[in-house]
Amino acid sequence: MWISSLSSVKNGEVVAAAETINVPVPFTMWVAIWLRWWRWIARAMVLLVTDLCALIGAVVVGYGLWAGPILGQSFALYAELYPLLILFPLGYVGAGLYPGFGMGAVETLRRLSCCTSFAFLVLAAASFVMKLPPYYSRMTFVLVWGCSLLFVPLFRFVVLAVTSQWRWWREPAVLLGTGEWIRWTIRALEDAFSLGYRPVAIISSDPDPGRQDRVVEGIPVLHGSEWALRMAEQGVGVVFISEGEPLGVSTSRLQQHFRRVVMIREDWDLPVERVHLRNLGGVLGVEFTNNLLLWHNRVLKRVLDLGCGVMWLLCALPVIGLSAVALKLRSRGPIFFCQEREGLDGRPFRVWKLRTMYVDAEQRLTEYLAANPDLRHEWETHFKLACDPRIIPGIGTLLRRWSFDELPQLWNIVKGDMSLVGPRPFPEYHLQQFPEDFRELRQRVRPGLTGMWQVTVRSSGGIEEQKAYDTYYIRNWSIWVDLHILARTAFAVVTGRGAY
């Protein structure tokens, strides 16, 4: 098939090997259909094995924590229940999780968790109705349930991170349009491996290739809307359409040739998670809701913050104590650093950190930038430096590398000044770089210990990235978004990606 040749770029131009291939359309379509089914089966089998391994691992851990060491029961007793594992994949199939392309990480996490919990509830109800003998430990059952909620999405996302690097794994997709949102979409599809799409071409309705770029974000541009139907004939089943741009072909015709037609809406100001489609008497309606502004969601988020904040603060106290001793031995001055930041409704509050910088940090920064004017742009873009002269060598670098300097902010969370997840509480000089309307939007939620911007681009992002990701989080909040960000935070801390 000639689709793979579209990725070949030489001297900024597409190598148009596709135009030289003359393969009969029926034969090409037959091959495309065969490959499509083979890939679907292969993807489903890989994910099925992954989910079963996660469930078996949860059973082993649950047994090892309680039934084995506490009750002295034989593992063979629980191994006899292995046929019941089929309930879980059946639920995942019904939720469209094989392979689950196009859902995104948050929706995948939600469906996996709901299906896993429902399967355990079915098992519990069946054991009650059938009045099975009390051989099996209820505590072991609960532990296996909890481990499954952790292991199933964890195993799946690890496997997806690996398989997404395989060229055949992702489903080929084309994009119609050449605007800025096409660039954003390409970057999003390539970064979000859980979506499962691989852009192979951009199709412009402009037939004159001399008027536009031939390559955008590394993806070749094909000029002329007739390319869309030709790509569909060659087996591409997904097309993304940039709303508001001339297409040169009707959406009705695209719907007939592509399995999935996805409209890209060019608007940051509306939520996209949990959007509801409404049939208004034959008219398509799209309902948007700002979930984080609903009072019951605010209560739910605060309960999660308070419960996890108290528990994690108690666990963090030994680390904070050891860090305080090390700081005192390494540098003169106070152990903690306190700075006033902007919080909910614009009210100022004091945010606490373990001090990782010298007492005269600002003077050192001024002198350093004066001696190295070429680094001023890096500072003005990210408000951070890869080699920051203010940081205390050794202990300061270590605390920032593992984000231990942020642990005292758990007290801010318990007090209600902050949340576990939300926009970071920036200093005033940082906030002044944001537009006024964005600052007003940030003031409507509590600042967070971690956030979407931190786990996505961390220190490598600039003002625009911070604005884009914080806006997305505020507009699209759900408990699943928070859980997803917390999981990615743990991964980012362990790997140290972007930390300095």
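We did not get these values from a lab; they are worked out from the coordinates using the rules stated. This structure is a prediction, so every number in the text was calculated from the model and none was measured. A quick note on method: Cβ atoms are made from the backbone with ideal geometry, for glycine too, and the neighbour counts reach across all protein chains shown.
What spacing in nm lies between the two simple spin-label points modelled at Gln165 and Leu431, each 7 Å away from Cα in the Cβ direction?
Going from the Gln165 label point to the Leu431 one covers 4.2 nm.
Have a look at the chain and give its Rg and Dmax from the Cα atoms, expressed in angstrom.
Reported Rg and Dmax, both Å: 26.5, 79.
Out of all DSSP beta bridges in the chain, what portion is antiparallel? Express it as a percent rounded to 5.
Counting only bridges with both partners in the chain, antiparallel ones make up about 45 percent.
So who's got an amide H within less than 5 Å of the one on Val445, skipping anything under 5 residues away but keeping other chains? H placed 1.01 Å off N, in plane.
Distant-sequence amide H within range of Val445: Asp345.
Please list, or write none, the aspartates and glutamates whose alpha carbon is within less than 20 Å of the alpha carbon of Lys384, excluding same-chain residues fewer than 8 places away.
Those aspartates and glutamates meeting the cut-off are Glu340, Glu342, Asp360, Glu362, Glu367, Asp374, Asp405, Glu406, Glu428, Glu464, Glu465, Asp470.
Please report Lys384, Lys353 as a ranked list, fewest other C-beta atoms within 10 angstrom at the top and most at the bottom.
Lys384, Lys353
Using alpha-carbon pairs under 8 Å, 6+ residues apart, how would you state the relative contact order of the chain in percent? Walk me through the numbers before you get to the answer.
Details: 674 pairs, mean separation 61.5, N = 500.
Relative CO of the chain lands at 12 percent.
Using +1 on the beta carbon of Lys and Arg, -1 on that of Asp and Glu, and nothing else charged, what's the dipole of the chain about the Cα centre, debye to 20? All intermediate terms of the calculation are to be shown ahead of the outcome.
On the way: 51 positive and 44 negative charges, 325 e Å.
For this selection, approximately 1560 debye.
If R₀ is 25 angstrom, what is the calculated FRET efficiency for the pair Val283 and Val261, using the beta carbon separation as r and rounding to 0.05?
FRET efficiency, Val283 to Val261: 0.85.
Restricting to segment 217-351, compute how many DSSP beta bridges are antiparallel as a %, nearest 5.
Of all bridge pairs located within segment 217-351, approximately 65 percent are antiparallel.
Sort out for me the Cα centre separation of segment 108-186 from segment 382-402, rounded to whole Å.
The distance from the Cα centre of segment 108-186 to that of segment 382-402 comes to 37 Å.
Show me, for segment 463-477, the HN-Hα J-couplings you get by feeding each phi into the Karplus relation (A = 6.51, B = -1.76, C = 1.60, θ = phi - 60°), rounded to Hz, glycine and proline as x.
My calculation for segment 463-477 gives 4, 5, 5, 4, 5, 5, 6, 5, 4, 4, 5, 5, 6, 10, 4 Hz in order.
Take Trp295 and Val272, extend 7 Å from each Cα along the Cα→Cβ direction, and tell me the distance between the two endpoints in nm.
3.2 nm
How big is D, in µm² s⁻¹, for segment 170-266 by Stokes-Einstein at 4 °C and 1.567 mPa s if Rh is the Kirkwood radius over C-alpha pairs?
Values: Rh = 13.2 Å.
D, rounded to a whole number, is 98 µm²/s.
Note the full-extension length gain between Glu362 and Leu35 as 0.36 nm times their separation in residues minus their Cα-Cα distance, in nm to one decimal.
Numbers: separation 327, 0.36 × 327 = 117.72 nm, distance 6.07 nm.
This chain segment gains 111.6 nm when fully extended.
Under 5 Å between amide H atoms, partner at least 5 residues away or on a different chain: which partners does Leu176 have, H built in plane at 1.01 Å?
Placed amide hydrogens put Ile203, Phe240, Ile241, Ser242 under 5 Å from Leu176.
Can you give the convex hull volume per residue for the Cα atoms of segment 245-350, as a whole number of Å³?
Value for segment 245-350: 265 Å³ per residue.
Measuring from a point 7 Å past the Cα of Val49 along Cα-to-C-beta, which residues in segment 156-175 have an amide N at less than 17 Å?
Within reach of a label on Val49: 156-170.
Past 25 Å, Cα to Cα: identify those pairs from Lys301/Lys415; Lys415/Lys467; Lys301/Lys467, in the order given.
Check vs 25 Å cut-off fails for Lys415/Lys467.
In nanometres, what is the gap between the two model label sites at Asp345 and Ala188, each 7 Å from Cα along Cα-to-Cβ?
Between Asp345 and Ala188, the label points sit 3.4 nm apart.
Going toward the positive end of the dipole of the chain, with +1 on Lys and Arg Cβ and -1 on Asp and Glu Cβ, which of Ala161, Gly346, Val325 do you reach last?
Going by the Cα projections, it comes out as Val325.
Jot down the per residue volume, in cubic angstrom and as a whole number, of the convex hull over the alpha-carbon atoms of segment 295-352.
Details: hull volume 4.5 nm³, N = 58.
Hull volume normalised by residue count: 78 Å³.
Run lengths n ≥ 4 of DSSP H only: what is the helix-derived mean residue ellipticity at 222 nm for the chain, with -39500 (n - 2.57) per run over all residues, to the nearest 500?
-15500 deg cm²/dmol
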